[in-house]
Amino acid sequence: MWTPYGVLQYIWDLKYGDARNFTYTLKFRLMKCRNWELTAPWTGAQVKVPTKFIVDEFDLVYRIPGAKEYIHNDGFKKDVPLLEEVVVVEGAAHFVNKERPDEINKHIYDFIQKF
């Protein structure tokens, strides 16, 4: 198919050899913009359920400039008023549930026991 999409797919196939990756990547990029539109009604909404926030010390999102301050100061608590605890798992990267399953399971179990 020689549409603009077809041309892009052809070039992708020449370079990477797998059209499925191209299709996924293109759909992801297009939906990324659409997701902002779909979630717009919830902009500024608060999470109003009891919450325990577990984050990895080396997670890239946690290390974004300003993220630590937002999480540990009043910003996060304002958006999640029933936040009970913030747990930073030291030495873990992005998949803390796979890197430290026993520790994470204990945090979850202890949190659920409150109910």
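The values are calculated or read from the model by the stated rules, or taken from the named source; none is laboratory data. Values in this document were obtained by computation on a predicted structure and should not be read as measured data. Cβ coordinates were reconstructed from backbone atoms using ideal geometry, including for glycine residues, and neighbour counts include every protein chain displayed. Accessible surface areas use protein heavy atoms only, side chains included; no ligands, DNA or RNA. Shrake-Rupley method; radii C 1.70, N 1.55, O 1.52, S 1.80 Å.
For the stretch 74-85, the candidate set comprises residues that are in contact (Cβ under 8 Å) with a residue 24 or more places away in the chain and either part of a loop (DSSP other than H, G, I, E, B) or touching a strand residue (DSSP E or B) at 6+ places or on another chain (Cβ under 8 Å) (or both); within that set, the residue that is farthest from Lys48 (Cα to Cα) is Glu85. Residue-level check: of (1) open to solvent by 60 Å² or more (accessible area, probe 1.4 Å); (2) in contact with an Asp or Glu (Cβ under 6 Å, 6 or more places away or on another chain); (3) charged (D, E, K, R), Lys77 misses just (2).
Matching residues to (1) assigned to a helix (DSSP H, G or I); (2) open to solvent by 60 Å² or more (accessible area, probe 1.4 Å); (3) at pLDDT 90 or above:
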residue: Tyr70; (1), (2), (3): yes, yes, yes
residue: Val87; (1), (2), (3): no, no, yes
residue: Ala92; (1), (2), (3): no, no, no
residue: Lys98; (1), (2), (3): yes, yes, no
residue: Glu103; (1), (2), (3): yes, yes, yes
residue: Lys106; (1), (2), (3): yes, yes, yes
residue: Tyr109; (1), (2), (3): yes, yes, yes
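Residues in the stretch 53-67 that are closer than 14 Å to Val89 by Cβ, of a type outside the set (Ser, Thr, Tyr) and either open to solvent by 40 Å² or more (accessible area, probe 1.4 Å) or assigned to a loop (DSSP other than H, G, I, E, B) (or both): Phe53, Ile54, Glu57, Phe58, Asp59, Val61, Arg63.
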